[in-house]
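**Q** The structure's right below; bear with me while I get my questions together.
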Amino acid sequence: MERMTSNTVLNEIFNNAPCGLHSLNKDGIFIAINDTELNWLGYTREEVVHKMSFGDLCTDEGKIQFREAFPRFIREGSVRDVAFEMVRKDGTRLPVLLNSRANYNEKGEFLNSHAFLLNLTEVRIAEQKVRAKTKSLELLNSIGKSISGQLDLQTIIQKVTDVTTELTGAQFGAFFYNVINDQGESFMLYTLSGAPYEKFEKFDLPRNTAVFHPTFSGAGVVRVDDITKDARYGKMAPHHGMPEGHLPVVSYLAVPVILKSGEVIGGLFFGHSEKGVFTQEAEELVVGVASQAAIAIDNARLFEDLKKLNAENERLLELARVLDIRKDEFISMASHELRTPLTSIKGYIQLLEAKLKEKDPEAYRYVVRTGTSLNRLQGLVEDLLDVSKIQSGRLPFQLSVFRPGEVLAEAVEEIRHTAPRHHIIVQGGVQAMIHGDRARLIQVLINLLNNAIKYSPDADRVEISLTETDKEVTIAVRDFGIGIPAGHHHKIFERFHRVPDNSDFTGLGIGLYISNEIIQRHHGSMRVESEPGEGSVFYISLPVASSEPG
């Protein structure tokens, strides 16, 4: 009785052990197997013991592995931690880890083996989850890097659709882009993954149904194990669900893509023909990718807007360039056309002056004033001609070597005749020579002196100083007039620029532009120092000539 009780206990321990236990004879045939291993395999004891070998319960690869390893095991007496793929009765695979020890008689002859097996199913599942998680992280990392530096909207959305379709295990994924049409809100298929476009081309754009609304309104994620059983499904005519020929969708996942501004740009949609495919983890992964995608899409849209703006700017710049050319052409033509009649008018005025000086003094004074105005008009025409020549690169120069004091004296003398009320004081002197066009430099100095007088209505003094270094000569023209705001110091040398506060003074805003161009052609520079109400100082710097005139 005690022996039977002891055997019963041992039998209970054997059959209910958490691992598989079995014994094989010298031919590898089962002579014992516990209930645990039988339950794993789905066989009864009668089907296995004395009828099947261990190899019979293995995959084709496992059979070969067993036939090669069992004779060696008989000789060596043990095996440790050998992995096998067994096959259950229903045909599914059972991964196990085998440890076995051989038993011998007194003569050393093999009797049987005692083996225990660990079921690796949960380990393999865990490994698969780890691999899947690792792959998901790799995909997330790759999509993050891929779209963060991408500025093409189509490329970004296609990559996002491809990666999220793979992450979720969906049979197909799509991105629908929010668009507004004349009839209200509709949605355009933008990208597709896992299915050919032909599968969607024959269908109308999706409508704002109860199923789609939460996604396109940004209300939230929709994840359903069986969308055909969902209360929101099939509520709208004419299809009351999926139209005929549509890819079968049972498992359904939809995630809105929302920009930082709150705008819902569209939605990512995933489908599978089986139930319960999309997990909470898959949903969270897609939500994370959608957030990254929203940032990248925002950047891409800004880039597209910038490209359009740049294109428009280029168009406007080209238009401005063409208008500039047309304006220069008009100025050139008009100036040339004006010179001939002005010359004729000037000749007639000079004749009138000669005839009226003695005979009609009062008429003579009017004619002289007319001649003065005509001279100013002729000066403007000449300036416009110079602008035209500068723009076309045809402004002529007659170069020679001379002392700057000589041209300055000529300019001052001319101004003293036209503005006798002003005292023009010249300070300093230089011995250096400069190489340039005398007439053009006199033109520059006369322009500066005329400006100094014009913009100093309450002053009667202009100061000029000459200084030199080993490399350059500097002429400074100081007035005591209204001055120039700092923001216009560089702009006054631009063509047609006039200081807004100086609107009471006549002029086209081209004198300083011409003067600066002439000085630059002499490899020199011009600058101004000025404050409103404190007057201005214009500086001309010219390089010293390398030799005396010949």
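The values are calculated or read from the model by the stated rules, or taken from the named source; none is laboratory data. Remember, it's a predicted structure, so these values are computed and weren't measured experimentally. Heads up, the Cβs are rebuilt from the backbone with ideal geometry, glycines too, and the neighbour counts pull from every protein chain shown. When the accessible area is computed, the model is the full protein with side chains, heavy atoms only, and any ligands, DNA or RNA have been set aside. Shrake-Rupley method; radii C 1.70, N 1.55, O 1.52, S 1.80 Å.
**Q** Could you identify the single residue in L111, L118 that is open to solvent by 50 Å² or more (accessible area, probe 1.4 Å), modelled with pLDDT of 70 or more and touching a Cys at 6+ places or on another chain (Cβ under 8 Å)? Show your work before the answer.
**A** Working: L111 fails: touching a Cys at 6+ places or on another chain (Cβ under 8 Å).
So the residue among L111, L118 that is open to solvent by 50 Å² or more (accessible area, probe 1.4 Å), modelled with pLDDT of 70 or more and touching a Cys at 6+ places or on another chain (Cβ under 8 Å) is L118.
For (1) open to solvent by less than 50 Å² (accessible area, probe 1.4 Å); (2) touching a residue at least 60 places away in the same chain (Cβ under 8 Å); (3) over 30 Å from G91 (Cβ atoms), each residue gets a yes or a no:
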{"site": "L10", "(1), (2), (3)": "no, no, yes"}
{"site": "N15", "(1), (2), (3)": "yes, no, no"}
{"site": "C19", "(1), (2), (3)": "yes, yes, no"}
{"site": "D27", "(1), (2), (3)": "no, no, no"}
{"site": "N34", "(1), (2), (3)": "yes, no, no"}
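**Q** Residue check: is A476 small (G, A, S) and open to solvent by 70 Å² or more (accessible area, probe 1.4 Å)?
**A** Values: small (G, A, S): yes; open to solvent by 70 Å² or more (accessible area, probe 1.4 Å): no.
No, not satisfied.
**Q** For segment 250-308, which residues satisfy the criterion of being among the β-branched types (V, I, T), assigned to a helix (DSSP H, G or I) and open to solvent by less than 70 Å² (accessible area, probe 1.4 Å)? Talk me through it step by step, then tell me what you get.
**A** The first filter runs over segment 250-308 and keeps only residues among the β-branched types (V, I, T), leaving 250, 255, 257-258, 264-265, 277, 279, 286-287, 289, 295, 297.
Pick out the ones that are also assigned to a helix (DSSP H, G or I) and you get 286-287, 289, 295, 297.
Matches in segment 250-308: V286, V287, V289, I297.
**Q** Sort out which residues of segment 442-466 are farther than 15 Å from I482 by Cβ and open to solvent by less than 10 Å² (accessible area, probe 1.4 Å), and write them in order of number.
**A** V444, L445, L448, L449, I464
**Q** So, R326, is that one in a helix (DSSP H, G or I), at pLDDT below 75 and open to solvent by 70 Å² or more (accessible area, probe 1.4 Å) or not?
**A** On the way: in a helix (DSSP H, G or I): yes; at pLDDT below 75: yes; open to solvent by 70 Å² or more (accessible area, probe 1.4 Å): yes.
So R326 passes the test.
**Q** Also, I was wondering about something else. Taking segment 12-52 on its own, how many of its residues are under 20 Å from V82 (Cβ atoms) and touching an Asp or Glu at 6+ places or on another chain (Cβ under 7 Å)?
**A** 3
**Q** Let me ask you something else. Got a number for residues in segment 125-140 being open to solvent by 70 Å² or more (accessible area, probe 1.4 Å) and either at pLDDT 65 or above or over 26 Å from the mean Cα position of the chain (by Cα) (or both)? Walk me through it before giving the result.
**A** At the first step, the residues of segment 125-140 found to be open to solvent by 70 Å² or more (accessible area, probe 1.4 Å) are 125, 127-131, 133, 135, 137-138.
Now restrict to residues that are either at pLDDT 65 or above or over 26 Å from the mean Cα position of the chain (by Cα) (or both): 125, 127-131, 133, 135, 138.
Qualifying residue count for the region: 9.
**Q** Restricting segment 501-535 to residues that are open to solvent by less than 40 Å² (accessible area, probe 1.4 Å), in a helix (DSSP H, G or I) and under 15 Å from K491 (Cβ atoms), which is modelled with the lowest pLDDT?
**A** N502
**Q** Looking only at segment 48-75, count every residue that is without any contact (Cβ under 8 Å) to a residue 12 or more places away in the chain and of a type outside the set (V, I, T) and tell me the total.
**A** If we filter segment 48-75 for residues that are without any contact (Cβ under 8 Å) to a residue 12 or more places away in the chain, which is where we start, we get 56, 60, 63-64, 68, 71-72, 75.
Add one more test, that the residue is of a type outside the set (V, I, T), and what stays is 56, 60, 63, 68, 71-72, 75.
Residues meeting the conditions: 7.
**Q** Right, something else. Tell me yes or no: at least one residue of segment 80-100 is touching a residue at least 40 places away in the same chain (Cβ under 8 Å), in contact with a Cys (Cβ under 6 Å, 6 or more places away or on another chain) and farther than 12 Å from L21 by Cα.
**A** Looking through segment 80-100, at least one residue is touching a residue at least 40 places away in the same chain (Cβ under 8 Å), in contact with a Cys (Cβ under 6 Å, 6 or more places away or on another chain) and farther than 12 Å from L21 by Cα.
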